Amino acid sequence: MATTTGKIVGVNGNLMTVRFEGAVSQNEVGYAVLDESRLMSEVVRVQGRNADLQVFEDTTGLRVGGLVEFTGELLAVELGPGLLAQIFDGLQNPLPRLAEQCGFFLQRGTYLDALPRDAKWAFTPTAKVGDSLTAGETLGTVPEGIYEHRIMVPFALPGVCTVEEISPAGDYTVIDLIAKLRDDRGEIHDACMMQRWPVKIPIKAYEERLRPKDPVVTKIRIVDTFFPVARGGTYCIPGPFGAGKTVLQQITSRHAEVDIVIIAACGERAGEVVETLREFPEITDPRTGKSLMERTVIICNTSSMPVAAREASVYTSVTLAEYYRQMGMNVLLLADSTSRWAQALREASGRLEEIPGEEAFPAYLESVIASFYERGGVVRLKDGSEGSVTIGGSVSPAGGNFDEPVTQATLKVVGAFHGLSRARSDARRYPAIDPLESWSKYASVADDELVANARGILRQGNEIDQMMKVVGEEGTTVEDFMVYLKAEYLDSVYLQQDAFDPVDEATSSDRQARVFGVLSNILNAKLSFADKDSARRLFHQLTQTTKDWNRVRMDAPEFEEIQKKLESMVAEVAHHA
Amino acid sequence: MRKVYSQIENIAGNVVTIKADDIGYKELAVVESSMGTSLAQVIRLKGDNVSLQVFAGARGVSTDAQVRFLGHAMQVSFSENLLGRIFTGGGDPRDNGPALTDNLINIGGPSVNPAKRIIPKNMIRTGIPMIDVFNTLVESQKLPIFSVAGEPYNDLLARIALQAEVDVIILGGMGLKHDDYLSFRDTLEESGALSRTVMFIHTASDPVVECLLVPDSSLAVAEQFALEGKRVLVLLSDMTNFSDAMKEIAITMEQIPSNRGYPGDLYSQLASRYEKAVDFEGAGSITILGATTMPGDDVTHPVPDNTGYITEGQFYLRNGRIEPFGSLSRLKQMVNGDTRGDHRTIMNSMLQLYADYKSTLEKQSMGFRMSEWDRKLLIYGADFEAGMMDLSVNISLEDALDLGWKIMANCFEPMETGIPTKVTDEFWPKDAQASAKDEEKAPAAETVGA
Ligand SMILES: Nc1ncnc2c1ncn2[C@@H]1O[C@H](COP(=O)(O)OP(=O)(O)OP(=O)(O)O)[C@@H](O)[C@H]1O
Ligand SMILES: [Mg+2]
């Protein structure tokens, strides 16, 4: 294909306008040539012979008349074995290798291969010459750390292909030829272990989409029991600064029962990513016995990195997630924070002088957010197995007010809402998910009726608490006071969870069902007390004992003992009607 | 010799537009007019129209002013000679010393590769109990002081700078009142710290565009010192003035504002400065303390709000004291486990009791009856405020922890504090004469409403 070139006619921030000769397409990648380096950019608008490109780098020094080379390709990522345990920037540059080459600072215009070209992978073919296959079906496998990585027919191949040649078992690099495929028009396509895919287009090489129904167990009690997340579902975590969005995602990335976690650090602090990338290699994943890093990919475009690449980073992340889903895996994508991505859109829209919507966000904000979350889902693959992408995004609303465009647009499309409240985080009630505001459309790990009942008590307890602030404890009946104590009890021993206790930090679904059953009995017990003080005293003891219980491993003998103790403490004051 | 342009097409706010070619984006130019000479920077290229932001302001710039391009972006000089000196945001001397032009470095350089960062691990001692004990400051942290005009935030910054064991102090002043600038300077001079200080000062009466250069100049110099292995503390006061300067430029450029007139990239702009805080593997570090005044004492105002989303915690300075609630050092847990065995206990218990004291105060103001326990809390609250919260207190962390035990022992029995017996056995002052003896009436742990 003839390469299109152009000349810069304008620069405004990270937006450059280019007068081009030939053809360009929307979202095509172009490079601005500046001395020795080439700055990657993406077409975001075409008007006549002028194309507007957002530059993924600092634009200092670009000048009118400067050369721009178009590539004819959309912004794409490399897919293949060797992605796991890596740390990429938003354009899939491997940051550790970039550091080896450039030192302390990021250097603009330096792009490295995402997948090392010299690494060899032990390929075992599963397809045979003569097999008829379609995009996404398996040609063979390679072991990638703890997983069997499927090498698939390139997703872009149309129709049914016939395997003309396939390499025998052996060690190959990601760019060695491993198969020749003939499509139904007779054209031959070379396949290697690596393929490229444009990030803004969803991968659809599957049979059908299914409805998300099974829970992703996060081992966070308030989530799994009260506001569950489904495999292939979507959820959001809005909250004011410091309320605990990042910590919540960090905990989830450690404990969630999924095969692969993709962490998209999007426009937030570099320091937070450093914690993950320094600690994960040291933490053993109880599910696999290997380091947590082996199931993790970090895409990191932190707040001081170029803004346009931040916009790309969420697409890079979700494309990697879809890729592993194609292998029948359950992938969890955690994006922190989607507001920074929306702000990147706003900055670009402002420079394009588009007509702004609310708070200057572009009018298409909603549809962009919707189509991002739409990329989550459970699918049945062509071999009958299932894979899923679950997406959880944090939202950072201006002023902590959920009535703003990004939160509202997100709430319209997600299946669960974990709203963090300033009041709860100030009171150190972590995780600070507001139990009265939050909701989920997915199924809980606990019994629905018990959950509904517990939520009723939380609501009533809150009302009574509000009332007591006015009339004082004296003006409250013992019955009401007891409901308040029950709500407080449930809050402190179940909704709150100590992220720093080795046992309490993660509660399995079995344990949640068991503990929640016991607590529900306590909440429903009809108790009688002489006065408020004796009620308070009992609930103090119950709280203390249940917290101790939370810190005991389920397989320890003490676990049963404490349960019995709790039950007998309640039995002593229960009505025997 | 570079071409000189002498026909300005358009002047709006502090931005002038001329026709020129082969000009680099962000390139610097010198604008000379009858009102004097100023640097200017290219902020937009459109065909042969070049828009420049004039640092000294466009006031008095005439259409026939001479514009000469320099062929490079904004730079400052870096060497040991900077120490003890005072400059404008653009790097011109403000003291009577010579102009520095050797070893020019670019400002606003690229960010550190996250893969090269390390987890912060060193405490910065300030001698202020509200910081050292309750919200420990950590080397490479970025942290603002949220307060309102009139609060002594500059005094607090100066005091931390003097007390902290750092190699280099860099003060970036933005929209400083002239008096504040002088008092900063005198404080540093009197204590002998001036010789390890570099100042980039923009005062309220200086051209607004120069304000924009202050953080970048300060941080570029800080970065060089840090790469040489120095521990650098950067003080930025007041970042709200910096943001307001950005707002002013954005409006001149007819950008669509996002929130109360501030540009949509306020977050990114602030973040690219604060994120310069770093601990370099095998070299020095940059710690950033900022002052952020909150217009109308409103933390949801765009400047403190965006700042809170960027920094690693915040200190609220109110009525001359660092508020125990709301103030947070998000990095404290990285260091306060290795200081002294009782550090975290003191931190948690004293704050919990102070929260109890606050709700007692509320009850008292509502006219509810005060119990024996309430009366203990009232004594405790007063002692806590005088011993720990008063900013004139200047004691080491260890003395502050000892004082903490003394204050508690003066008001409570060990079991009333909710501290595990194992810890009180070890640390509770042996000679303590608890003032309160009435055990039955004092509930062990009163629940505090959320
Ligand atoms: N589950 C938790 N347990 C204990 N402390 C927590 C928990 N969650 C949050 N915190 C405390 O709150 C601080 C801020 O939390 P976090 O960084 O998650 O906030 P955030 O909502 O991501 O804020 P921002 O929007 O500014 O990024 C943490 O540094 C920690 O001190
Ligand atoms: Mg966060």
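The values are calculated or read from the model by the stated rules, or taken from the named source; none is laboratory data. Here the structure is a predicted model, which means the values were calculated and not measured. Quick reminder, even Gly has a Cβ in these numbers, built from the backbone with ideal geometry, and neighbours come from all protein chains shown.
Of the residues making up the range A:549-564, one or more are within 14 Å of another protein chain (Cβ to nearest Cβ) and either surrounded by fewer than 18 Cβ atoms within 10 Å (Cβ to Cβ) or assigned to a helix (DSSP H, G or I) (or both). Residues of the range A:407-442 that are touching a Phe, Trp or Tyr at 6+ places or on another chain (Cβ under 7 Å) and in a helix (DSSP H, G or I): A:Leu411, A:Val413, A:Asp426. When A:Ala335, A:Ala409, A:Ala342, A:Ala370 are screened for being within 16 Å of ligand 2 (Cβ to nearest atom), away from chain B (no Cβ under 14 Å) and in contact (Cβ under 8 Å) with a residue 40 or more places away in the chain, only A:Ala335 passes. Do we find that B:Thr252 is in contact (Cβ under 8 Å) with a residue 12 or more places away in the chain, surrounded by fewer than 19 Cβ atoms within 10 Å (Cβ to Cβ) and in contact with a strand residue (DSSP E or B) (Cβ under 7 Å, 6 or more places away or on another chain) in this structure? In short, yes.
Taking strands (runs of 3 or more DSSP E) as the structural unit, those lying wholly within the range B:239-354 and holding at least 3 residues that are away from ligand 1 (no atom under 16 Å from the Cβ) and over 20 Å from the mean Cα position of the chain (by Cα) correspond to B:257-259.
Yes/no matrix, rows are residues, columns are (1) within 16 Å of ligand 2 (Cβ to nearest atom); (2) in a strand (DSSP E or B); (3) modelled with pLDDT under 95:
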position: A:Arg196; (1), (2), (3): no, yes, no
position: A:Pro202; (1), (2), (3): no, no, no
position: A:Lys219; (1), (2), (3): no, no, no
position: A:Val258; (1), (2), (3): no, no, no
position: A:Glu279; (1), (2), (3): no, no, yes
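For A:Val379, indicate whether it is in contact with an Asp or Glu (Cβ under 8 Å, 6 or more places away or on another chain) and either within 14 Å of chain B (Cβ to nearest Cβ) or under 25 Å from A:Val261 (Cβ atoms) (or both). For A:Val379, the condition - in contact with an Asp or Glu (Cβ under 8 Å, 6 or more places away or on another chain) and either within 14 Å of chain B (Cβ to nearest Cβ) or under 25 Å from A:Val261 (Cβ atoms) (or both) - is met. Of all the residues in the range B:355-371, those that are of a type in the set (Phe, Trp, Tyr) and either within 11 Å of another protein chain (Cβ to nearest Cβ) or surrounded by fewer than 17 Cβ atoms within 10 Å (Cβ to Cβ) (or both) number 1. For the range A:111-147, a tally of residues being acidic (Asp, Glu) and either surrounded by 19 or more Cβ atoms within 10 Å (Cβ to Cβ) or in contact (Cβ under 8 Å) with a residue 60 or more places away in the chain (or both) returns 2. Looking at A:Arg45, A:Arg19, A:Arg38, which is the one that is part of a strand (DSSP E or B), farther than 24 Å from B:Ser51 by Cα and not assigned by TED's automatic domain parsing to the domain that holds A:Ala348? Answer to the check: A:Arg38. Scanning the range B:330-347 for residues that are within 11 Å of chain A (Cβ to nearest Cβ) and under 27 Å from B:Asp297 (Cα atoms) returns B:Arg330, B:Leu331. Consider A:Val515 carefully, then state whether it is under 31 Å from the mean Cα position of the chain (by Cα), crowded, with 19+ Cβ neighbours inside 10 Å and either within 14 Å of chain B (Cβ to nearest Cβ) or over 28 Å from A:Val223 (Cβ atoms) (or both). No.
Comparison of A:Glu294, A:Glu354, A:Glu311 shows that the only residue that is farther than 25 Å from A:Arg221 by Cα, surrounded by 24 or more Cβ atoms within 10 Å (Cβ to Cβ) and either over 14 Å from the mean Cα position of the chain (by Cα) or away from ligand 2 (no atom under 16 Å from the Cβ) (or both) is A:Glu311. Out of A:Ala506, A:Ala446, A:Ala530, A:Ala499, which single residue is of a type in the set (Gly, Ala, Ser), in contact with a Phe, Trp or Tyr (Cβ under 8 Å, 6 or more places away or on another chain) and more than 14 Å from every other protein chain (Cβ to nearest Cβ)? Answer to the selection: A:Ala446. Restricting attention to the range A:243-269 and to residues that are more than 12 Å from ligand 1 (Cβ to nearest atom) and within 14 Å of another protein chain (Cβ to nearest Cβ), the residue that is farthest from A:Ile220 (Cα to Cα) turns out to be A:Ala264. Would you confirm whether or not the range B:108-120 contains a residue that is of a type in the set (A, V, I, L, M) and more than 12 Å from every other protein chain (Cβ to nearest Cβ)? Checked the range B:108-120: no residue is of a type in the set (A, V, I, L, M) and more than 12 Å from every other protein chain (Cβ to nearest Cβ).
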